[in-house]
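Following: one structure in structure tokens, then a few remarks.
Each value in this text was obtained by applying a stated rule to the coordinates, not by laboratory testing. Treat the numbers as computed from the prediction; the structure is a model and nothing was measured. Cβ sites come from the backbone with ideal geometry, for glycine too, and all protein chains shown count toward neighbours.
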Amino acid sequence: MKTNSEFLSGMAAGIPIGLGYLSVSFGFGIAAVRLGISVLSAVVISLTNLTSAGQAQGIDIIAAGGTLIEMALVQLVINLRYALMAISLSQNLDEGFTLRHRFIAAYGITDEIFALCSTRKKPVTPGYMYGIIVVSSFGWTFGTLLGAAAGEILPPELISAMGIMLYGMFIAIIIPPAAEKRSILLVVVFASGLSVMCRYLLPFISGGFTVIICGIAASLFGALLFPIKEEAKE
Amino acid sequence: MSIWIYILVMAGVTYLIRMIPFAFFTKKIKSVFLRSFLYYIPYAVLAAMTIPAIFFSTGNFITSAAGTAAALILAYFKLPLIVVALAASLTAYGVSFIPGV
């Protein structure tokens, strides 16, 4: 009963992610087919990878006939932030999160799912995380299918406007705690400023690395200046 | 080379990056410093992913900025994620019809 309601509340929480993914992966589907990748391959890539930046880079390597070493290294670098998120998330897991559940749920550690789970007030249960993952993964895979099979049908203005959805969701996650807690606000401002600097002053650093560098630097800044003393998560 | 080998490598590497730390970090971290560091990670990472990328997310700076403003305002009033995300998108879509944008 409890597991069931956790799964359902996970699914409900996952709806904005699923919708956001649907629109973003739609674009991925279009891009993949344009590079000569079949609809089936594009769908399998989305279902098995569940990540945006890594996949976008991955299909470029496939289209260019790159080596497998290059593929592995690029995925490692772009997706390294997930390792950081996994460690952070591991601190807020329910006791029922056994090793078997961790093996399965690890598949679903994405920027957005991480954001939802790590800002949850209660410990994250396997059911809650599975609920989010099912909805998100469906949106991501189905959006890829739609984009790959029928991408050219929608008006281009609409497809472009959908590109902002996931970022809008990030803002909705960050702003309320930042408005309440000054330390979070300062960490957010620090990370944003550093990210802008990286983009314009050090443009040769890839997007994945920028996120890692800024994420670590801003969190160090926060941990040094505003340590969180209490045991309980706020 | 078969595309399926590429996909296998892609998916395998991506899964291992997520799985290894997730499965094997089972202890609660005691150090206040490390706990604080991990506490700030989601906010720092999300902020770095959003800024400045959101301003390029629709391919047009003006529609992106309008969508961002809508998202900031609604998020400040704690509206649900889906409302904020859709409003950002609809605002960007609406603004794209203004002549000259």
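Could you tell me which trypsin sites (Lys or Arg not before Pro) in region A:127-210 are loop residues by DSSP with no more than 16 other beta carbons within 10 angstrom of their beta carbon?
A:LYS181
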Pick out, in residue order, every one of the GluC sites (Glu not before Pro) in region A:1-110 that is DSSP loop and has at most 11 other C-beta atoms within 10 Å; say none if there are none.
-> A:GLU95
Once whole DSSP H runs in chain B are found, which of them have Cα atoms spread over 24 Å or more along the helix axis and a mean Kyte-Doolittle score of at least 1.0?
-> B:3-24, B:32-50
The distance between the Cα centres of region A:23-85 and region A:111-184, in whole Å, is 18
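Give me the Kirkwood hydrodynamic radius of the protein assembly as shown in Å, from all C-alpha pairs, to one decimal place?
With all distinct Cα pairs of the protein assembly as shown included, I get 20.1 Å.
Quantify how much of the Cα-Cα distance distribution of region A:181-234 extends past 15 Å, in percent.
It works out to 49 percent of all Cα pairs.
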Between A:LEU93 and residues 5 or more places away or on another chain, the pairs with built amide H atoms under 5 Å apart involve A:VAL124
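Taking N as the number of residues in region A:85-190, what is its alpha-carbon radius of gyration divided by 2.2 N^0.38 Å?
Here the answer is 1.30, to two decimals.
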Residue-by-residue Karplus 3J(HN,Hα) for region A:121-134, coefficients 6.51, -1.76, 1.60, Hz, glycine and proline x = 5, 8, x, 7, 9, x, x, 4, 5, 4, x, 5, 5, 4
So what is the 222 nm mean residue ellipticity for chain A from helices alone, if each DSSP H run of at least 4 adds -39500 (n - 2.57) and you divide by all residues, rounding to the nearest 500 deg cm²/dmol?
-> -26000 deg cm²/dmol
For helix A:207-225, report the angle its Cα long axis makes with the longest principal axis of the Cα atoms of chain A; keep it between 0 and 90° and round to the nearest 10°.
-> 0
